[in-house]
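Structure first, commentary second.
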Amino acid sequence: MGEFDAFTDLLDQPVYVVTAPGPPPAGCLVGFAGQCSIHPPRFVVWISKANHTYDAALAADALGVHLLPHGQGLAELFGGRSGDDTDKFARVEWYHGPYGVPVLADAPAWFVGRVIDCADWGDHTGLLLAPVAVSAPPTGASVLSYRDVSDIEAGHPA
């Protein structure tokens, strides 16, 4: 649908790395995500059914959602490589956060959210998260957006 593509081409929202505890830990670059409630606070992430992280995310009690610093290192690793053949977590500094969720040490901001619902919405499944721990960015932090990573060839088709 060409008209809708023209509309979405104008969007430039942040991209995220979503992590799941596994085992083994899993993570992927996500472009479909956003706050969906203020009171209570809620955030939804949509994970592609073709993605290696999909099964780990559906099995998880909680997920990590990370904003990324400028530069494409984390975005290329988590968006351009598949966990089918790459241990992404062997290539980055990370630690276990709440619920055992992997937290990326180089993310300028992140939160861990408890999965409270999920819904099948076509080629992606939405997971509704209730934040349980948050690391806010420093004042004036700038984060990576969709246009910054549009040239990364995906490790899996959408």
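Some values worked out for this structure:
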| read-out | value |
| --- | --- |
| Max mean-square fluctuation residue, GNM over the chain, Cα-Cα springs under 10 Å, options H39, H70, H52 | H39 |
| Rg/Rh for the stretch 47-134, where both radii come from Cα atoms and Rh is the Kirkwood radius | 0.95 |
| Residues whose placed amide H lies under 5 Å from that of C118, excluding near-sequence neighbours | L128 |
| Expected-Rg normalisation [2.2 N^0.38 Å, Cα atoms] applied to the stretch 81-131 | 1.38 |
| R91 versus F32: modelled label distance in nm, points set 7 Å from Cα along the beta carbon direction | 2.5 |
| Max mean-square fluctuation residue, GNM over the chain, Cα-Cα springs under 10 Å, options Y95, Y146, Y16 | Y95 |
| Separation of the R147 and L10 label points, Cα + 7 Å toward Cβ, nm | 1.3 |
| Viscosity 1.567 mPa s, temperature 4 °C, Stokes-Einstein D of the chain from Kirkwood C-alpha radius, µm²/s | 83 |
| In sequence order, calculated HN-Hα J values of the stretch 117-123 (Karplus, 6.51, -1.76, 1.60; Hz; x Gly/Pro) | 6, 8, 8, 7, 10, x, 7 |
| Taking the stretch 7-74 and dividing mean pair separation by its residue count, relative contact order in percent (alpha carbons under 8 Å, at least six apart) | 36 |
| Whole-angstrom Cα spans of the stretch 1-94 along principal axes, big to small | 40, 32, 26 |
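Since every read-out is calculated from the coordinates, none of them should be taken as a lab result. Quantities reported herein were computed from a predicted structural model and do not represent experimental measurements. In this analysis, Cβ positions are derived from the backbone assuming ideal geometry, glycine residues included, and neighbour counts consider all displayed protein chains.
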